[in-house]
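One structure is given here, and the rest of the page talks about it.
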Amino acid sequence: MTVQLALSKATRIGWIGTGVMGSSMCGHVLTAGYRVTLHSRTKTKAQPLVDLGAAWAENPLTVAAQSDMIFTMVGFPQDVRAVYFGETGILAGAQSGTVLIDMTTTNPTLSREIAECATTKGLSAIDAPVSGGDVGARNATLSIMVGGDRRAVQAVVPLFELLGNTIVHQGGPGTGQQAKLCNQIVIAGDAGAIDRAIELLKAKGAKRAIKLNVSAPFHCALMQPAQDRLAEDLEELSFKDLSVPLVTNVDAAAIKTGAEARAALVRQVSQPVRWLESVEFLAKHGVQSLIEIGPGKVLSGLARQINRDLRLSNVEDEASLRGAREALAG
């Protein structure tokens, strides 16, 4: 099957999913001059992209009927399944020759299932999960792990280059998700799984893999049992309402009550970090200075990438504490 190379003035792009990462990624495609038809579960989240020139569609089927290449960037595997296989899903509306690109982190089996079904309909399907988070999506510096037919992948490369600076074709359908699983395993911190991931990565041509010491695999699903136990323990404690609003990095919003504080502590164990949204929330509400407490300046560096107008200080010893006080006083 012949697949046409993506061209900004000719290729019609469909986009489904305008969350924190999907919105930035779709914005890059629009800025490059492509015609985009989009759909999102929450229309208000897509409005900024509509204001930039994207056309709104009521469901994935309508997006598919008006697109030559369709990107999906949604939340979870069940969302991917619904978007592709649902009654008003992509596979119900896509025309022969269309290329489907799922950039959601899901699982290899689902990606292969989509590819097999797509092939029977004269379509091409690519799995292309990413690494780099909110900042990478915003700055178009994502790492993209790609699985799928070589000709289809080559046709989509001009679009991938708008989204990231590291694009690796891993192999056939599902191999992009396999590579992302290795990445997720490393983040999760399971020692045995890391060893297996390192072996697989080296077999795929990785130049170097380094083990890092971590206290626990926080902010991932492996910690769900610990989160459940913590929730039980915290129920026995009384939490007072906060005297100063607190912004948590799993909510990206201010909490004020004791009940909210208890719930936020529980969510910290296994929920994803919403760092970009948290920093943007603070800036939007008038915060001008941020102080990072602890060794290193990792969070300060990330905050600087998000908002260069913020004054940033780091406190890790007595000398840096004095420096932070002087900076705030000035």
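Miscellaneous remarks
- Residue, farthest from the chain's Cα centre (by Cα), within the range 115-156, restricted to residues that are small (Gly, Ala, Ser) and over 25 Å from Ala65 (Cβ atoms): Gly147
- Filtering the range 247-298 to residues that are farther than 26 Å from Ala216 by Cα and in a loop (DSSP other than H, G, I, E, B) leaves Lys256, Thr257, His285, Gly286, Val287, Gln288.
- Selection within the range 62-97 - hydroxyl-bearing (Ser, Thr, Tyr), buried (at least 24 other Cβ atoms within 10 Å of the Cβ) and outside any helix (DSSP H, G or I): Ser67, Thr72
- Scanning the range 1-20 for residues that are at pLDDT 95 or above and either of a type in the set (D, E, K, R) or touching a Pro at 6+ places or on another chain (Cβ under 6 Å) (or both) yields a count of 2.
- Condition met for Ala32 (over 15 Å from the mean Cα position of the chain (by Cα), outside the structural domain of Asp68 (by TED's automatic domain parsing) and not acidic (Asp, Glu)): no
- Residues of the range 275-318 that turn out to be modelled with pLDDT of 85 or more and under 17 Å from Val135 (Cα atoms), as a count: 9
- Filtered residues of the range 99-135 (kept if touching a Leu at 6+ places or on another chain (Cβ under 7 Å) and either in the same structural domain as Glu280 (by TED's automatic domain parsing) or part of a loop (DSSP other than H, G, I, E, B) (or both)): Lys121, Leu123, Gly132
The values are calculated or read from the model by the stated rules, or taken from the named source; none is laboratory data. Everything numeric here is computed off the predicted structure, so don't read it as measured data. Using ideal geometry, Cβ is built from the backbone for each residue, glycine included, and neighbour counts are taken over all protein chains shown.
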